[in-house]
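Undergrad: Sending over a structure as structure tokens; questions will come in a sec.
The values are calculated or read from the model by the stated rules, or taken from the named source; none is laboratory data. Quick caveat: nothing in here was measured; it's all calculated off a predicted structure. Neighbour counts are summed over all protein chains in view; Cβ atoms, including those assigned to glycine, are modelled from backbone coordinates with ideal geometry.
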Amino acid sequence: MIYIPLQTRYNSMKYKRCGRSGIKLPQISLGLWHNFGGFDTLENSRAMLHKAFDLGITHFDLANNYGPPYGSAEETFGNIFKKDFKQYRDELIVSTKAGWDMWAGPYGNFGSRKYLVASLNQSLKRMGLEYVDIFYHHRPDSETPLEETMSALDYIVRSGKALYVGISQYNAMQTVEANKILKSLGTKLLIHQPNYNLFDRWIEDGLTKVLDEEGIGCIVFSPLAQGILTNKYLNGIPSDSRAGKKGTYLKKESITSDKLNKINKLNEIAQYRNQSIAQLAIAWVLNNSSVTSALIGASKVEQIEDIVKVFDNLNFSEDELNLINSIFAYK
Ligand code: NDP
């Protein structure tokens with residue numbers, strides 16, 4: 001089957017400027033952490049990428065070790081890219097990362113220049129790309145001097161292997177420091193990738209203030225708390241869900257009755273708003289003006305179709321926000 005993207009693909013997606021930069025990101029981006037690995041069905045992965053692009057999702061997010069096995073999500077992406085997306089390269093923002101465990105020995109983890117540069121070279125090969133649009137340091141590393149990690153990011157931009165750089169999971173203070181060093185080297189810190197959802201609002205305690213002041217974009221990962229903020233677990237744990245599958249980072253024990261009580265209450269608000277719980281959860285993260293894009297995951301084409309309907313109702317009344325705060329016991 002030859003893939004021909006829909007002509008209508010830019011009709012309904014909203015694009016938002018990424019901090020103070022020239023780049024706009026779709027307000028919904030797709031991550032390939034799960035369901036694009038070597039043990040997943042290639043045709044399903046391919047169908048999801050087609051659907052995403054047809055709906056205006058121009059940003060695909062990867063990392064060196066997404067799979068399993070490590071590297072296989074990049075290989076899957078590379079296979080599909082070569083077949084279906086090569087001629088649309090300039091319509092895509094592709095990101096990858098290094099910072100977590102990738103290969104054996106002392107040079108396949110953390111934040112050294114050796115690791116970051118070698119890892120990006122490997123990622124480019126797996127994906128069949130000449131460059132990525134964004135390269136991230138995936139997590140802070142307390143043992144490597146921050147100057148070394150940031151100068152590796154600066155070098156990577158200058159070498160042309162990434163157009164922009166970002167950081168992930170850095171706290172507010174670490175972000176200030178990283179930004180200061182990159183600025184002094186003359187490279188812009190484009191974007192931060194933290195987790196953010198109704199269960200975990202840590203970025204509101206200092207990080208978003210730094211990002212706003214410094215003009216750094218913010219793409220939030222796991223906005224659905226890995227699928228908990230949906231109707232999926234209201235009647236048990238389906239065997240084809242992330243919590244029901246083996247080898248994922250969402251354990252059955254994380255689906256607590258306390259969380260399900262909250263989701264049930266949230267469902268009443270979602271129904272009143274004529275939305276799915278997932279749409280409400282995405283609308284809620286996008287309601288934070290610091291957030292550039294919600295970085296979702298998906299296991300089925302229909303989930304992506306469901307999420308993009310969020311644009312039918314993005315706004316919340318004061319009463320709705322207060323009610324949500326009270327359900328999640330937010331101060
Ligand atoms: P989400 O919180 O969006 O969870 C995705 C899961 O939610 C899906 O796999 C699916 O679960 C479920 N889901 C999605 N849409 C719907 C829907 N409409 N209805 C019902 N269920 C739905 O995000 P992820 O945790 O997957 O993270 C997203 C991306 O963020 C990753 O792919 C990765 O790119 C990035 N990330 C970055 C990290 C970092 O350290 N920088 C860490 C983690 C993620 P199911 O599979 O059960 O069907």
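Undergrad: How many of the residues in the range 259-293 are over 13 Å from residue 227 (Cβ atoms), among the small types (Gly, Ala, Ser) and assigned to a loop (DSSP other than H, G, I, E, B)?
TA: So the answer is 2.
For every residue, the table says whether it meets (1) modelled with pLDDT of 95 or more; (2) among the acidic types (Asp, Glu); (3) in contact with a His (Cβ under 8 Å, 6 or more places away or on another chain).
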| residue | (1), (2), (3) |
| --- | --- |
| 197 | yes, no, no |
| 204 | yes, yes, no |
| 208 | yes, no, no |
| 215 | yes, no, no |
| 230 | yes, no, no |
| 233 | yes, no, no |
| 240 | no, yes, no |
| 272 | yes, no, no |
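Undergrad: Among 38, 67, which is the only one that is outside any helix (DSSP H, G or I), surrounded by fewer than 20 Cβ atoms within 10 Å (Cβ to Cβ) and touching a residue at least 12 places away in the same chain (Cβ under 8 Å)?
TA: 38
Undergrad: Yes or no: residue 303 in contact (Cβ under 8 Å) with a residue 24 or more places away in the chain, within 23 Å of residue 45 (Cβ to Cβ), within 16 Å of the ligand (Cβ to nearest atom) and crowded, with 17+ Cβ neighbours inside 10 Å?
TA: So residue 303 passes the test.
Undergrad: What residue, of 283, 298, is under 28 Å from residue 190 (Cα atoms) and either touching a Cys at 6+ places or on another chain (Cβ under 7 Å) or more than 8 Å from the ligand (Cβ to nearest atom) (or both)?
TA: Unique residue meeting the criteria: 283.
Undergrad: Being buried (at least 22 other Cβ atoms within 10 Å of the Cβ) and within 16 Å of the ligand (Cβ to nearest atom), is that true of even one residue in the range 41-51?
TA: Yes, some residue in the range 41-51 is buried (at least 22 other Cβ atoms within 10 Å of the Cβ) and within 16 Å of the ligand (Cβ to nearest atom).
Undergrad: Taking the options 112, 123, name whichever one is polar (S, T, N, Q), touching a residue at least 24 places away in the same chain (Cβ under 8 Å) and under 17 Å from residue 32 (Cα atoms).
TA: Result: 123 is the single residue among 112, 123 that is polar (S, T, N, Q), touching a residue at least 24 places away in the same chain (Cβ under 8 Å) and under 17 Å from residue 32 (Cα atoms).
Undergrad: Right, something else. What's the number of the only condition in (1) surrounded by fewer than 20 Cβ atoms within 10 Å (Cβ to Cβ); (2) charged (D, E, K, R); (3) within 23 Å of residue 158 (Cβ to Cβ) that residue 75 fails to meet?
TA: (3)
Undergrad: If you don't mind, another one. Which ones in the range 108-145 are more than 15 Å from the ligand (Cβ to nearest atom), surrounded by fewer than 19 Cβ atoms within 10 Å (Cβ to Cβ) and within 23 Å of residue 217 (Cβ to Cβ)?
TA: Answer for the range 108-145, where residues must be more than 15 Å from the ligand (Cβ to nearest atom), surrounded by fewer than 19 Cβ atoms within 10 Å (Cβ to Cβ) and within 23 Å of residue 217 (Cβ to Cβ): just 131.
Undergrad: Can you name the condition, by its number, that residue 3 falls short on among (1) of a type outside the set (Gly, Ala, Ser); (2) surrounded by 18 or more Cβ atoms within 10 Å (Cβ to Cβ); (3) more than 26 Å from residue 280 (Cα to Cα)?
TA: Result: residue 3 passes all but (2).
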